[in-house]
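Below is one structure, written out as C-alpha cells; comments come after it.
Read-outs: derived from the displayed coordinates by stated rules, not from any lab. Keep in mind that what you see is a predicted model, and the values were worked out from it rather than measured. Reconstructed Cβ throughout: ideal geometry from the backbone, glycine too, with neighbour counts over all protein chains shown.
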Amino acid sequence: MSRPLRVIFAGTPDFAAESLAALLASAHRVVAVYTQPDRPAGRGRKLTPSPVKALALDHALPVYQPASLKAPEAQAELAALEADIMVVVAYGLILPKAVLDTPRLGCVNVHASLLPRWRGAAPLQRAVEAGDSESGVTLMQMDEGLDTGAMLHVARTPITATTTGGTLHDTLAAQGGQALVETLDALAGDGLAATPQPEEGVTYAAKLSKAEAELDFHADAEVLAARIRAFNPWPVAWCALGDDRLRLLMADAAPGDRHAAPGTLLAGEDDALCIACGEQGDQVLRITRAQLPGGKPLDVRELLKARAERFAPGIRLGRSNQETPA
C-alpha cells in the first residue's frame, strides 16, 4: 500500500456498521460519515441515531445526514472533504452521478450477494428463501445503475440447512468488512482490475414486507421451510393457531407418507411440529423452533412440554383452517 486512503463512509444499519468498524481498525483514514437522518424508534418513538452514526460519534467522526444528495449544496459539502474514495454500505440514498464522480477513485459499494444474482434491497434473505447453496459479498465500483457496477472483489460463504436471515447477515457483515479493507489496500497500492458483471443470471431481491410472512400451507414444504429461515429474525414467518399468531423460527422439510388437509398438525414427534403441506397435503413441514404470543422463542420440545394442549394432532393451522377435523 503506497499510502492510506482518505475515505468517506456512507451507511446506516448494523450491517454497515461492521464495515465502518473494520475501516476504523485499518490504516485508512475515515474523514467523514454519511448516514440516514435519525428515525423514531421504540415505544416512545424517540428519535434514534442509526448504528453507523452511533459508531461514528463514538470515534468523534464528522457526521452528515442530508435528506438527499441531489442538491448542489450537499454535493459541494461532500466535495470539500477531498476524499480519495467513498465507501457505500446499505446507505439508503441514491448517489447522483455528480457524487459518484467526485472522489478520485470513485465510489465502492459492499453488496450482500454474489452479483449479478440478487441485486436490490433484500439480497441475503432472498438467497436463503430461494434455497441458494451459497451467498457472499461483492465489492463493486458504483455506477448509475441498480447494483450493476463492475466487480472488484468477491467473497463466498455457504448457505446450509440451518442458515437463517439473521445468521447470514452476521456472517456477511463480518466478511464484508474484511473484504472492504483488502479492497482498499489493493486500490491504495498497485490498483485493482474491475470485472464487468455477467449479463446472465441477473435476479432482483425485492424488499421484505410483513404481508408475505404469513404462511400458506398449500405451498411445498421445502419452500415454506426456506421462507421461515429467511424471515428469521424479520419479518418472522407466522401462521394462525386459533385466534393467536404462532411465530415460526426454524424449520425443515421431511418426506411425507400420508395425506392430510394442508395445515393439519400430524402426530409422531416430540421435538417438532409436523404440518401437512402441499396441494395434496402429502408433504411434511417440521417446525423445530417457535414462539407463542407473550412467550419466549423456544425449541419445540420445550414448547410441547409447556403447552402440549395447543398442539394436539388434527388441529388445523392457518386463518382459513380454523376448524378441527372430526
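One table, with the values for the structure above:
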quantity: Among SER135, SER68, SER19: highest mean-square fluctuation, GNM of the chain, C-alpha pairs under 10 Å; calculated: SER68
quantity: The stretch 100-119 versus the stretch 274-290: alpha-carbon centroid distance in Å; calculated: 40
quantity: Size descriptor, Kirkwood hydrodynamic radius, that averages inverse alpha-carbon separations across the stretch 146-260, Å; calculated: 17.4
quantity: Cα radius of gyration and Dmax for the stretch 211-311 (Å); calculated: 12.3, 35
quantity: Quotient of C-alpha Rg and 2.2 N^0.38 Å, computed over the chain; calculated: 1.17
quantity: Sparse-neighbour loop sites [GluC sites (Glu not before Pro); the stretch 10-101; at most 16 other C-beta within 10 Å; DSSP]; calculated: GLU82
quantity: Sites ASP38 and ALA98, calculated FRET efficiency, Cβ-Cβ separation with R0 25 Å, nearest 0.05; calculated: 0.45
quantity: Euclidean distance between Cα centres, the stretch 134-151 to the stretch 177-227, Å; calculated: 10
quantity: Helical contribution to [θ] at 222 nm, DSSP H n ≥ 4, -39,500 (n - 2.57), averaged over the chain, rounded to 500; calculated: -7000 deg cm²/dmol
quantity: Loop trypsin sites (Lys or Arg not before Pro), the stretch 1-104, which have at most 15 other Cβ atoms in a 10 Å radius of their Cβ (DSSP); calculated: ARG43, ARG45, LYS70, ARG104
quantity: Cα-based Lys pair tally, the chain, threshold under 24 Å, eight or more apart or on separate chains; calculated: 7
quantity: Viscosity 1.002 mPa s, temperature 20 °C, Stokes-Einstein D of the stretch 56-109 from Kirkwood C-alpha radius, µm²/s; calculated: 181
quantity: Theoretical gain in end-to-end length, ALA79 to SER2 [0.36 nm per residue, Cα-Cα removed]; calculated: 25.4 nm
quantity: At least 30 Å along the helix axis (C-alpha) and Kyte average at least -0.5, DSSP helices within the chain; calculated: 165-188
quantity: Within a Gaussian network of the chain (alpha carbon springs, distance under 10 Å), most fluctuating of PRO196, PRO40, PRO62; calculated: PRO40
